[in-house]
Amino acid sequence: MGYIAIRADPAAIRMRVLVTDPLAPEAVELLRKAGHEADVKKLTPEDLLKVIHEYDALLVRSETKVTKPVLEAAKRLKVVGRAGVGVDNIDVEAAKARGIRVVNSPAASTNAVAELTLGHMLALARKIPEADKSMHEGKWDKKAFQGFELGGKTLGLIGFGKIGARVTQLAKALDMHVVIYDPYVTAEKALQMGVARVENVMDIAPRADFVSVHVPLTPETKGLVGREFLSRMKKTGYVLNIARGGVVDEAALAEAVTAGTIAGAALDVFENEPLKDSPLHGIPQIHLTPHLGASTEEAQIKAGTQVVEDVLRVFRNEPPQGLVV
């Protein structure tokens, strides 16, 4: 997988960059090729506080918590780079108050997340995990795993950003119908993309065979797919959340599947991660994956190199492409 080669500028000031979460080697090499020092260290929160004053940039994924105390201790820090989409682990307001740029790589995982969404739909429709488990137990129970085709079914998308649009392309290639809810998408844009659009999120529920969530977690979206929404869905409907934990009410979802209110679900993200002692456990109609949305070789390289390119832009006083604040 290639990346942009950047020659070191002999006149450039050598910056120190701290990388505290796993980052693609191509991204770290990009920093070094540009003439900067890159220290890759896994640090405790206490150790991060002790050393952050020595660095001009901090590169993280989702594990490191970039808190207000960390930012206050960062005397030289110019930019925090998040290799990935969400910035839940970064105190963005505290960074803004101190004039520290925050950048991320929002488009890096678009295709990876979209493909995982499609994969979960196929797995639910064809009962692939259940059939696999049965086969490993030495069974040949063909009749138990009759599924259905995605062609002709309706996919309801809550959120229609880059990922929602890519999911639409993949779903339409399988002859699925797509209906969306996104208050920021105009009727004209929906028409251009060949999707139906509803004004109220609840209108998605009774129409969709699959409801897939693609919105960030905000006060407005927390618990958006809850008891009321689930009660309006088809009994044959499925819920997918490959976006952010907390948008789907996990307890309500477990109840709905157990009661037969809906047929099943697939989740890659959870309100509390790692997932422990969850009502979702032990329900075979609910497929679970450990936050794998961006876990492809291609997405990891893109996430790292794209955010490093923006960090380099900040060093050169150029406008970054993935600017958060």
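Descriptive notes on the structure:
- Cut-off under 5 Å, modelled amide H: who pairs with LEU157 long-range: VAL179, ILE180, TYR181, SER212
- Residue-by-residue Karplus 3J(HN,Hα) for segment 88-100, coefficients 6.51, -1.76, 1.60, Hz, glycine and proline x: 4, 8, 10, 6, 5, 5, 5, 5, 4, 5, 9, x, 9
- Relative contact order, percent, segment 110-288 [alpha-carbon distance under 8 Å, six or more residues apart]: 19
- The distance from the alpha carbon centre of segment 208-240 to that of segment 58-115 is 28 Å, rounded to a whole number.
- Under 18 Å from a label point set 7 Å out along the Cα-to-Cβ vector of LEU122, the amide N atoms of segment 136-173 belong to 146-155, 166-173.
- Electrostatic dipole magnitude of the chain [Cβ: Lys, Arg +1; Asp, Glu -1; Cα centre; debye, to 20]: 400
- Per principal axis, descending, Cα span of segment 110-288 in whole Å: 53, 34, 29
- Summary of packing: across the peptides 262-270, 237-245, the per-residue average of other C-beta atoms within 10 Å ranks them, highest first, as 237-245, 262-270.
- At 1.306 mPa s and 10 °C, Stokes D of segment 134-221 from Kirkwood alpha-carbon radius, µm² per second: 110
- Checking every one of the GluC sites (Glu not before Pro) in segment 165-264 against DSSP loop status and a limit of 12 other Cβ atoms within 10 Å picks out GLU199, GLU220.
- Where a label projected 7 Å from the Cα of GLU72 along Cα→Cβ would reach, residues of segment 33-62 with amide N under 19 Å: 45-55
- Estimated inter-spin distance, PHE148 and ARG232, nm [label 7 Å along Cα→Cβ]: 2.0
- Helix-only [θ]222 nm of the chain, DSSP H runs n ≥ 4, -39500 (n - 2.57) each, per residue, nearest 500: -9500 deg cm²/dmol
- Greater than 19 Å apart at Cα, pairs in LYS50/LYS75; LYS162/LYS302; LYS153/LYS234; LYS142/LYS234; LYS127/LYS153; LYS50/LYS78: LYS142/LYS234
- Amide H contacts under 5 Å for VAL102: VAL80, VAL324, VAL325, restricted to partners 5 or more places along the chain or on a different chain, H placed in the peptide plane at 1.01 Å from N.
- Net charge, GLU298 excluded, C-beta distance under 13 Å - Lys, Arg +1, Asp, Glu -1: -2
- Förster-model FRET efficiency, 22 Å R0, ASN317 and ALA97, C-beta, rounded to 0.05: 0.60
- Diffusion coefficient, µm² s⁻¹, Stokes-Einstein with Kirkwood Rh over alpha-carbon pairs of the chain at 25 °C and 0.890 mPa s: 115
- Cβ-Cβ FRET estimate between ASP203 and LYS33, R0 fixed at 35 Å, reported to 0.05: 0.10
- Calculated FRET efficiency for the pair VAL51/SER134, C-beta based, R₀ 51 Å, to 0.05: 0.45
- Where a label projected 7 Å from the Cα of ILE13 along Cα→Cβ would reach, residues of segment 84-102 with amide N under 18 Å: 98-102
- In a DSSP loop and with at most 16 other Cβ atoms within 10 Å, the GluC sites (Glu not before Pro) in segment 64-156 are GLU137, GLU149.
- Under the combined filter of DSSP loop state and at most 14 neighbouring Cβ atoms within 10 Å, segment 107-166 retains these trypsin sites (Lys or Arg not before Pro): LYS139.
Values in this text are rule-based calculations from the coordinates and carry no lab data. For clarity, every value in this text was computed on a predicted model and none was experimentally measured. In this analysis, Cβ positions are derived from the backbone assuming ideal geometry, glycine residues included, and neighbour counts consider all displayed protein chains.
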